[in-house]
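Report on the following structure.
A short reminder: the numbers here are calculations on the coordinates, not readings from a lab. Everything numeric here is computed off the predicted structure, so don't read it as measured data. Note: ideal-geometry Cβ built from the backbone for every residue, glycine included; neighbour counts use all protein chains shown.
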Amino acid sequence: MRIGGGVTVIRDFLVADLIDTLHVVQVPILLGRGVRLWDGPEGIEERYDIESVASPNGVTHLTFTARRSPA
């Protein structure tokens, strides 16, 4: 399932532990004011494996994969 939405929607799903894989594209450009994605959700580093891939144009792809206990 794919989720579409802004920062508030993503944060709500992260806090509810409902995201298995999250792909964030970080672009080094400032477009004025906005809502910061990482203000709020705590413990992301402990719950997700994080892969970062930078491209020559400065764009960074971050992939968060949930660490799940075997069933």
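Numbers at a glance
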| item | result |
| --- | --- |
| Filter result for Leu30 (touching a residue at least 12 places away in the same chain (Cβ under 8 Å) and either out of contact with any Phe, Trp or Tyr (no Cβ under 9 Å at 6 or more places or on another chain) or exposed (fewer than 10 other Cβ atoms within 10 Å of the Cβ) (or both)) | no |
| Per-region count, the stretch 36-60, residues more than 21 Å from Leu18 (Cα to Cα) and in contact (Cβ under 8 Å) with a residue 24 or more places away in the chain | 3 |
